[in-house]
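First comes the structure, then the notes that go with it.
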Amino acid sequence: MVSCSPSWRRCSDRLNRPPLLDTPDAGLNQAFAWAIRHGSGGVRADPSPGLVDWDGFELTDLLERAAAFRRVGSAGLPDPADLVRGVTAGLFGARADAEGGRFAVAPWLPDGWRWFALRRLRCHRTLVDVEVRPRAEWATVRLTVTFGPPIAVALTLRNAGEVARVTVDEVALEGQRAVFTAAAEHEAMFFYRGARA
């Protein structure tokens, strides 16, 4: 009989938890949770170019599909994997093997949302939590590696105003994006030159 240590059991419990979407839109959160349980294949940053043309119209479509799911159930969401892809590659702009082999995260900032988060996003062997908190003059993106090896990250914002300054863990970086190695919990701040677009 094999015995498991308590610390191994805690680690196993942590690894077996399903991914979680936390947004101000309860319907989207509910549809995402259902899609994860019904054949989406998990929440991964794929090595594809992602949804590069994703914008406010796609966000509206994503929210409408979630509302349809809430009204009529699974018949309103015939392709669960497509909804998960819309959240992962669209809303969060996550993809693996970006420029220089980095894990790219480029969140879309929905008007009126003061926070949104995706927990347990997989990039290769690493699990990452992504939390975004947009404000009028800046946006904060917190990345937390919850399991696996450190990972090279390229972090940008897609629909923000011009970025004047970027910091990661209170260290100023050059340019309008944050490029760093995520190994634990990191906080990137994007300070806008003007108002958000």
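The values are calculated or read from the model by the stated rules, or taken from the named source; none is laboratory data. What you see is a predicted model; the values in this text were computed from it and never measured. Positions of Cβ are backbone-derived with ideal geometry, glycine not excepted, and every protein chain shown enters the neighbour counts. Please note that ligands, DNA and RNA were not included when accessible areas were found on the heavy atoms of the full protein model with its side chains. Shrake-Rupley method; radii C 1.70, N 1.55, O 1.52, S 1.80 Å.
A few remarks follow.
- Placing +1 on each Lys and Arg Cβ and -1 on each Asp and Glu Cβ, with no other charges, gives the chain a dipole about its Cα centre of roughly 660 debye.
- In nm, spacing of pseudo-spin labels at Arg17 and Glu162 (7 Å Cα→C-beta vector): 4.2 nm
- Expressed as a whole percent, the accessible area of the chain that falls on carbon and sulfur atoms is 52 (1.4 Å probe).
- Residues in the chain average 52 Å² of solvent-accessible surface per residue, probe 1.4 Å, ligands and nucleic acids excluded.
- Across segment 43-105, Cα pairs under 8 Å and at least six residues apart give a relative contact order of 45 percent.
- Two-site label geometry, Ala152 and Ala81: point separation in nm, points 7 Å out along Cα→Cβ: 2.9 nm
- Charge-dipole axis of the chain as Lys and Arg at +1 and Asp and Glu at -1 on Cβ define it, positive-most pick from Val145, Ala98, Val171: Val145
- Fully extended contour minus Cα-Cα distance, from Arg125 to Thr60, at 0.36 nm per residue: 20.2 nm
- Peptides ranked, highest mean first, by Cβ atoms within 10 Å: ranges 160-168, 85-93, 28-36: 85-93, 28-36, 160-168
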